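Chemist: A single structure is presented below for examination.
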Amino acid sequence: MTDVRAGRWLVLVVRVPAEPSRHRVAVWRELRRAGALSLGQGTWAVPDVPGFADGVTRAIELAQRGQGEVIVLNATGRAEQDGARLEDMFTAERQEEWTEFLADCGKFDAEIDKEIRNGKFTMAELEEEEQSLERLRRWHRALKARDVFGAPSAAQAELRLKHCADRLADYTERVFQALHQM
């Protein structure tokens with residue numbers, strides 16, 4: 001977890017022309033990908049830590065390509081509860097992402113169960129499951145990088161990812177056993 005207890009934030013005020021909409025959508029998608037917290041129409045916040053700098057830079061570049069602009073302000077809460085409220089809102093968004101991640105881990109687990117139940121021990125299926133696990137690993141790294149306050153489900157997600165890796169190792173062994181029995 002990054003030290004962000006000082007309560008420093010970057011607030012981004014984004015203005016991009018409505019047409020063509022692809023520029024506004026690109027900026028919005030980049031800010032979401034970076035983990036920015038939407039505060040309202042065209043206003044976003046991220047903790048003022050190095051892990052968010054690249055996403056902010058990319059959002060600024062995308063806005064400029066669309067003839068727009070991003071004004072970046074340094075901010076802290078006026079009162080302690082203001083900073084705490086931002087942190088709570090930010091962490092709630094990370095918690096939603098971890099919940100979605102955990103659901104996808106469950107789908108991975110169910111897929112492995114189905115392939116074992118159906119006796120589908122092929123290299124093609126193994127490669128597909130390896131790609132699915134790698135996608136989960138990339139997603140986990142991205143979530144972990146932006147979860148600077150430590151959402152409640154982060155630890156559970158770490159365990160579930162390890163469980164998925166263990167399931168794939170077991171499935172891999174079964175595939176190789178099946179292929180060598182031929």
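The values are calculated or read from the model by the stated rules, or taken from the named source; none is laboratory data. Quick caveat: nothing in here was measured; it's all calculated off a predicted structure. Cβ sites come from the backbone with ideal geometry, for glycine too, and all protein chains shown count toward neighbours.
Chemist: Is there a residue in segment 28-39 that is in contact (Cβ under 8 Å) with a residue 12 or more places away in the chain and assigned to a strand (DSSP E or B)?
Modeler: The answer is yes; a qualifying residue exists.
Chemist: If you don't mind, another one. Which condition number does Arg85 fail, the rest of (1) in a helix (DSSP H, G or I); (2) of a type outside the set (Ser, Thr, Tyr); (3) touching a helix residue (DSSP H, G or I) at 6+ places or on another chain (Cβ under 6 Å) being met?
Modeler: In the conditions (1) in a helix (DSSP H, G or I); (2) of a type outside the set (Ser, Thr, Tyr); (3) touching a helix residue (DSSP H, G or I) at 6+ places or on another chain (Cβ under 6 Å), Arg85 misses (3) alone.
Chemist: Let me ask something else about it. Mind checking which pairs have a first residue in segment 123-139 that is closer than 12 Å to Glu111 by Cβ and a second that is charged (D, E, K, R) and surrounded by 13 or more Cβ atoms within 10 Å (Cβ to Cβ), Cβ under 6 Å, 6 or more apart or different chains?
Modeler: Between residues of segment 123-139 that are closer than 12 Å to Glu111 by Cβ and residues that are charged (D, E, K, R) and surrounded by 13 or more Cβ atoms within 10 Å (Cβ to Cβ), the close pairs are Glu125/Glu115.
Chemist: Tell me whether segment 51-66 contains one or more residues that are touching a Ser or Thr at 6+ places or on another chain (Cβ under 8 Å), modelled with pLDDT under 95 and either at positive phi or of a type outside the set (A, V, I, L, M, F, W, C) (or both).
Modeler: yes
Chemist: Right, something else. Just need a number here: residues in segment 155-178 that are surrounded by fewer than 19 Cβ atoms within 10 Å (Cβ to Cβ) and under 21 Å from Gly35 (Cα atoms).
Modeler: 3
Chemist: If Ala84 passes every condition in (1) modelled with pLDDT of 95 or more; (2) of a type in the set (A, V, I, L, M); (3) out of contact with any strand residue (DSSP E or B) (no Cβ under 6 Å at 6 or more places or on another chain) but one, which one does it miss?
Modeler: The number of the failed condition is (1).
Chemist: For Ile112, all conditions in the list (1) touching an Asp or Glu at 6+ places or on another chain (Cβ under 8 Å); (2) of a type in the set (Val, Ile, Thr); (3) assigned to a loop (DSSP other than H, G, I, E, B) hold save one; what is the number of the exception?
Modeler: (3)
Chemist: Would segment 104-111 turn up any residue that is free of Cβ contacts under 8 Å to residues at least 24 places away in the same chain and basic (Lys, Arg)?
Modeler: Yes, some residue in segment 104-111 is free of Cβ contacts under 8 Å to residues at least 24 places away in the same chain and basic (Lys, Arg).
Table: residues versus (1) polar (S, T, N, Q); (2) in contact with a Lys or Arg (Cβ under 6 Å, 6 or more places away or on another chain); (3) closer than 30 Å to Trp44 by Cα.
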| residue | (1), (2), (3) |
| --- | --- |
| Gly83 | no, no, yes |
| Cys105 | no, yes, yes |
| Glu111 | no, no, no |
| Lys120 | no, no, no |
| Glu125 | no, no, no |
